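Got a structure here, written out as structure tokens. Questions coming.
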Amino acid sequence: MGIEKLRIKLGHIELKTPIIMASGTFGYGLEKINFIDYKKIGAITTKTITYYPWEGNPQPRIYETYSGMINSIGLQNPGVFYFIKNILPKIRKKFNKIFVSISGRTENEFIQLIKIMNKEKIDALELNLSCPNFEKEQKMISQSSDLTYKIVKKIKNETSIPLIAKLSPNVTNIKEIAIAAEEAGIDMISVINTVKGLCVDLKKMKIIDGGLSGGCIKPIGLKCVYDIYKVVKIPIIGIGGIIKGTDAIEYFLVGASAIGIGSGLFTNSQIIDEVIKSLINFLNKTKSKNLKEITGLLNEKKGKNR
Amino acid sequence: MNSEICKILKNKNLSDDFYLLKIENNFKEVFLPGNFIHIKIEGVFLRRPFSVAIYTKKFIGIIYKKIGLGTEILSKKRKGESLNILGPCGNSFPIFENKKVALISGGTGIAPLIFLSSELKKRKNKIYFFYGARNKKLIFSEILPSGIDYIFSTDDGSFGQKGNIFDIFKTYKDDYEIIYAAGPEQLLKKVSLYSSKKPVYISLENYMACGMGLCYGCVVKIKEEGDGKYKRVCKDGPIFEGEKIIWE
């Protein structure tokens with residue numbers, strides 16, 4: 001049995017494999033990387049696009065830590081108009097399914113972005129609700145269930161493109177946020193974005209205050225998927241610390257319907273092939289027909305509400 | 001860019017904390033001077049980038065300095081062990097023919113300039129290679145290509161002229177048509193600001209995560225319309241025109 005077993009459906013979106021390249025860790029997917037078999041990628045999530053171009057943060061932007069890294073890139077991107085004219089057509093040629101990540105500093109910016117993206121042929125919009133850039137107070141939308149509900153609801157009213165909410169693990173109760181997003185009409189949830197963290201560079205006497213990713217955050221991602229699965233019915237894209245093939249299986253077992261690969265690719269160039277192999281082996285070993293059968297298998301809510 | 005498993009052919013301590021690592025060249029793609037390889041070292045999360053110093057069909061050589069956990073682990077690897085390596089990464093130095101060129105190197109900056117000098121030599125350039133180091137032990141004569149005019153300097157005067165290599169460079173008659181430089185940021189900055197009348201190409205170093213142009217972690221600010229623009233050292237570089245860098 002082969003890769004065809006790994007076909008999945010996220011709502012109405014059919015993916016050839018459950019591997020989604022996570023936002024911000026795969027650029028726009030246009031670099032020429034010969035060791036990646038692009039046919040094995042179910043969908044690409046672009047680096048987050050904003051209305052105006054964003055310059056991004058000054059150095060230092062990255063720092064390594066035990067089994068992971070901190071980043072503080074600051075959503076560097078060329079803005080939506082440049083993206084649509086010069087980048088999106090190239091992504092279309094290379095990828096079967098395209099998820100565009102967007103972020104706004106205000107509700108209005110989100111709405112304007114949606115109106116522009118409505119004219120484009122894309123498969124889903126991922127709302128980056130987990131960057132600390134909202135309004136004057138630099139809020140993170142997904143740290144408030146009220147704000148999450150409000151923004152998702154407004155956006156949902158403006159578009160028929162499937163919507164994904166990318167949530168932050170830095171909350172008291174992730175279930176509340178996921179429920180708010182679902183009630184507001186979100187189609188999918190992707191968790192987790194990076195975990196807040198800080199590194200100290202003793203040589204340069206500088207700090208790097210940003211988001212932690214890498215193998216070290218896998219337990220946090222698994223816990224979020226596990227908790228969210230219990231309270232929502234929509235599909236969950238599990239992201240965080242997938243650095244070897246079997247990590248992906250764990251995400252499915254606790255409730256993910258698809259998985260995202262981020263900085264795992266930086267440390268393991270074979271990660272895509274390994275995930276495919278591990279999932280096929282696991283399905284065969286457990287005599288499962290497809291990934292849906294193993295989604296939530298180790299979650300106490302498997303079967304209930306679904 | 002490819003990902004290959006390459007056997008270590010040699011991992012030799014040159015002196016102090018400096019090492020020469022030679023690995024099998026299992027890459028189908030051709031490497032150009034200025035390109036780097038991105039090495040996976042088990043025990044640390046991120047790969048480590050190193051400029052290619054020696055390049056043949058059979059092997060690739062880099063020079064590295066033990067500065068942290070990654071290079072510490074690398075220094076203990078032995079002949080016959082294998083490494084997972086990405087390459088060729090980044091852009092390369094522009095190469096001309098029949099020119100009078102100056103190469104200026106400090107510290108491990110020597111690595112990309114060795115590869116560059118051997119290519120420049122093939123194209124009949126007249127090369128003046130300024131090579132500075134802290135002391136005699138850190139002048140790695142054994143790996144320098146022959147048939148090139150070297151001007152050495154050391155901080156303590158134990159080999160070549162005494163002083164900083166850039167100060168020594170300035171005492172020479174400047175009729176070079178192109179200048180290439182690699183090494184510490186202060187050196188690159190001085191060389192870049194030195195002359196706007198002739199092209200200066202520098203090899204930048206920076207903390208890197210992906211090495212593939214994906215994460216935008218290793219950026220440097222480049223002069224462009226407005227306030228400038230952050231470009232990726234790993235993909236748009238590591239070779240830049242010196243005058244275009246906005247030094248922070």
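State whether one or more residues within the range A:244-259 are more than 29 Å from A:A180 (Cα to Cα) and buried (at least 23 other Cβ atoms within 10 Å of the Cβ).
If we filter the range A:244-259 for residues that are more than 29 Å from A:A180 (Cα to Cα), which is where we start, we get A:244-246.
Those still in the list that are buried (at least 23 other Cβ atoms within 10 Å of the Cβ) too: none.
No; the residues of the range A:244-259 include none that is more than 29 Å from A:A180 (Cα to Cα) and buried (at least 23 other Cβ atoms within 10 Å of the Cβ).
When you go through A:T17, A:T65 one by one, which is the residue that is under 27 Å from A:I242 (Cα atoms) and crowded, with 20+ Cβ neighbours inside 10 Å? Break it down stepwise before answering.
Numbers: A:T65 fails: crowded, with 20+ Cβ neighbours inside 10 Å.
When all the criteria are applied, what remains is A:T17.
Another question, then. Just name the residue that is farthest from A:G215 (Cα to Cα) out of those in the range A:40-70 that are within 12 Å of another protein chain (Cβ to nearest Cβ) and among the aliphatic types (A, V, I, L, M).
Here the residue is A:I44.
Return a yes/no flag: does the range B:236-245 have any residue that is part of a loop (DSSP other than H, G, I, E, B) and within 14 Å of chain A (Cβ to nearest Cβ).
yes
Being touching a residue at least 60 places away in the same chain (Cβ under 8 Å), more than 14 Å from every other protein chain (Cβ to nearest Cβ) and either in contact with a helix residue (DSSP H, G or I) (Cβ under 8 Å, 6 or more places away or on another chain) or over 24 Å from A:G215 (Cα atoms) (or both) is true for just one of A:F83, A:F95. Which residue is that?
Values: A:F83 fails: touching a residue at least 60 places away in the same chain (Cβ under 8 Å).
Within the list A:F83, A:F95, the selection yields A:F95.
How many residues are farther than 28 Å from A:K204 by Cβ, touching a helix residue (DSSP H, G or I) at 6+ places or on another chain (Cβ under 8 Å) and not in a loop (DSSP other than H, G, I, E, B) when one looks only at the range A:45-67?
Qualifying residue count, the range A:45-67: 1.
Give the range B:1-29 a look and list any residue that's surrounded by 17 or more Cβ atoms within 10 Å (Cβ to Cβ) and not in a strand (DSSP E or B), or say none.
Listed by number, the residues that qualify are B:M1, B:N25, B:F27.
Can you pull out the residues in the range A:158-186 that are small (G, A, S) and under 11 Å from A:L127 (Cβ atoms)?
Those that are small (G, A, S) and under 11 Å from A:L127 (Cβ atoms): A:A165, A:A181, A:A184.
Enumerate the strands (runs of 3 or more DSSP E) found wholly within the range A:196-306, keeping only those where 3 or more residues are within 25 Å of B:R47 (Cα to Cα).
A:206-213, A:258-261
Among the residues of the range B:144-166, is any out of contact with any helix residue (DSSP H, G or I) (no Cβ under 7 Å at 6 or more places or on another chain), within 21 Å of B:T108 (Cβ to Cβ) and among the aromatic types (F, W, Y)?
Looking through the range B:144-166, at least one residue is out of contact with any helix residue (DSSP H, G or I) (no Cβ under 7 Å at 6 or more places or on another chain), within 21 Å of B:T108 (Cβ to Cβ) and among the aromatic types (F, W, Y).
Residues in the range A:138-151 that are in a helix (DSSP H, G or I) and surrounded by fewer than 19 Cβ atoms within 10 Å (Cβ to Cβ): how many? I'd like the intermediate steps shown before the answer.
Looking only at the range A:138-151, we keep the residues that are in a helix (DSSP H, G or I), and these are A:141-143, A:145-151.
Subsequent filtering for residues that are surrounded by fewer than 19 Cβ atoms within 10 Å (Cβ to Cβ) retains A:143, A:146, A:150.
Adding up the residues that qualify gives 3.
Rundown of residues vs (1) touching a helix residue (DSSP H, G or I) at 6+ places or on another chain (Cβ under 7 Å); (2) more than 14 Å from chain B (Cβ to nearest Cβ), yes/no style:
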| site | (1), (2) |
| --- | --- |
| A:P219 | no, yes |
| A:K223 | no, yes |
| A:V231 | yes, yes |
| A:L265 | yes, no |
| A:Q270 | no, no |
| A:K277 | yes, yes |
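Now a separate question. What is the one condition in (1) part of a loop (DSSP other than H, G, I, E, B); (2) within 12 Å of another protein chain (Cβ to nearest Cβ); (3) at pLDDT 95 or above that A:K32 does not satisfy?
Against the list (1) part of a loop (DSSP other than H, G, I, E, B); (2) within 12 Å of another protein chain (Cβ to nearest Cβ); (3) at pLDDT 95 or above, A:K32 comes up short only on (3).
Right, next: Which condition number does B:K66 fail, the rest of (1) touching a helix residue (DSSP H, G or I) at 6+ places or on another chain (Cβ under 6 Å); (2) closer than 21 Å to B:M212 by Cα being met?
Here B:K66 clears every test but (2).
Right, here's the next one. I'd like to verify a number: residues in the range A:219-260 that are free of Cβ contacts under 8 Å to residues at least 40 places away in the same chain and among the acidic types (D, E), how many?
Qualifying residue count, the range A:219-260: 2.
Of the residues that sit in the range A:152-173 and are over 14 Å from the mean Cα position of the chain (by Cα) and surrounded by 24 or more Cβ atoms within 10 Å (Cβ to Cβ), which one is nearest to A:K233 (Cα to Cα)?
A:V152
The values are calculated or read from the model by the stated rules, or taken from the named source; none is laboratory data. This is a predicted model, so every value here is computed, not measured. Ideal geometry is used to build each Cβ from the backbone, glycine not excepted, and the neighbour counts take in all protein chains shown.
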